[in-house]
Amino acid sequence: MRFLAACRRQPVDATPVWFMRQAGRSLPEYRALRGSGSILQATSDPETAAEITLQPVRRYGVDAAILFSDIVVPLVAIGLDIDIVPGRGPVLAEPFRSRADLARLRRLEAGDDLAHVIETVRILKEELSIPLIGFAGAPFTLASYLVEGGPSRTFGRTKVLMHSEPLVWAELLERLGDISLAALRAQVEAGAAAVQLFDSWAGALSRAEYERFVLPASRRVLEGLADLDVPRIHFGVGTGELLDLMAGAGSDVVGVDWRVALDEAARRVGGAKALQGNLDPAICLGPLPVVEEAARRVLKEASGLSGHVFNLGHGVLPETDPGILAAVVDLVHEETGR
Ligand code: CP3
């Protein structure tokens, strides 16, 4: 399987490709199936979630599937009142502001709390002939939603909490890390062949903040998966200045956004890791020749790597033409096939 081989920096017959947010709003068949219900409702029905996971596999010919779920699903499963507001993102009715709020984060008993997710993975293991990627939110990105109460541009409350109450912050991240680790282990035990830890908003942090306040908790999650022997992908947006630190967190693959070319990213990450990325999802809104030129540039910049998983630098934008993504998959396979 070329996706798993590339993650392990083994020889491949062609560069593997999948897209973050490949399952979702850019597909008309997704919108038709989901109707007007909430995304959390769709993730809670295993048959529906499995079907949504399969839709982009059929349409694009990607080399890996990603479970249809969300990073807040384990938090909803332990009883937090979180809604995913269309066009906005996760919103928490009562944000976390003090030590007392830690009591609201009980342990995740994955077998019971995530029974619907586990069932979805089992269905997919039967149906798929390519690897399934399980995922979870990294402690910092999850904490940012809990502390801000929703999406944020500045992460002001989150940064004030980490600097002014470092012990509360450390305990918050440790508990969130335990939840993400339990969720990831359950997905692997049910059949996921790789995992991705999404620290989408880590790029908002300075190096010193990342190292002191975030890296230890993410490392605990990634190292807590070591015995399962599945490739671990670690991804964030705007993390160019953090790549060398992220490389020390215990993943096998580092995800890179479009701001840093993959050859430069490889220098920052150092030798022993595969890289994933990094076509700009905004360019994918353009006409095919423009997208193809950008995709070829990514392949050129990746040509010296040992271990490249082609992806976007962040998720598919909702208005993307699915035909463009299908053409990108073909291009990557044709240009790199041997
Ligand atoms: O195809 C896939 O990638 C698998 C499914 C997936 C979803 N969310 C489904 C979803 C994955 C991997 C995620 C992860 C996720 N969720 C992240 C990390 C990845 C990233 O993009 O950085 C984050 C930060 C979230 C939180 C979240 N959920 C946001 C910011 C949003 C967008 C809100 C919006 O409408 O713009 C969501 C909602 C969401 N999660 C959608 C999907 C398909 C779209 C909303 C819908 O269909 O109702």
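Structure summary
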item: For R97, net neighbour charge (Lys/Arg +1, Asp/Glu -1) across residues whose Cβ lies under 12 Å away; result: -1
item: Mean separation of Cα contacts under 8 Å, 6 or more apart, over the residue count of the chain: relative contact order %; result: 22
item: Computed magnitude of the charge dipole of the chain (debye, nearest 20; Cβ of K, R +1, Cβ of D, E -1); result: 580
item: Percent carbon-and-sulfur accessible area, region 87-174, ignoring ligands, DNA and RNA, probe 1.4 Å; result: 47
item: Cα gyration tensor, region 143-186 - rounded (a/c under 1.5), prolate or oblate; result: oblate
item: Region 1-71 - percent of accessible surface contributed by carbon and sulfur, probe 1.4 Å; result: 47
item: Under 28 Å from the Cα of K273 - lysines, other chains or at least 8 residues apart; result: K125, K300
item: Net charge, P46 excluded, C-beta distance under 11 Å - Lys, Arg +1, Asp, Glu -1; result: -3
item: Surface per residue (accessible, 1.4 Å probe) for region 2-336, Å²; result: 40
item: Listed residues I118, I84, I130, most fluctuating in the chain (Gaussian network, C-alpha, under 10 Å); result: I84
item: Given charges at Cβ of Lys, Arg, Asp, Glu: the chain dipole, positive-most of T43, I66, S303; result: S303
item: Within a Gaussian network of the chain (alpha carbon springs, distance under 10 Å), most fluctuating of G134, G35, G277; result: G35
item: Fraction of accessible area attributable to carbon and sulfur, region 192-286 (%, probe 1.4 Å); result: 49
item: Most positive-pole-ward Cα, F3, P289, V168, against dipole of the chain from beta carbon charges; result: V168
item: Mean Cβ count within 10 Å, highest first, over the residues of peptides 94-107, 187-200; result: 187-200, 94-107
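The values are calculated or read from the model by the stated rules, or taken from the named source; none is laboratory data. If you're wondering where the values come from, they're calculated on a predicted model, not measured in any experiment. Virtual Cβ from ideal backbone geometry, glycine too; neighbours counted across all protein chains shown. Ligands, DNA and RNA are stripped out before the accessible areas are found, and what is left, the full protein with its side chains, is counted by its heavy atoms. Shrake-Rupley method; radii C 1.70, N 1.55, O 1.52, S 1.80 Å.
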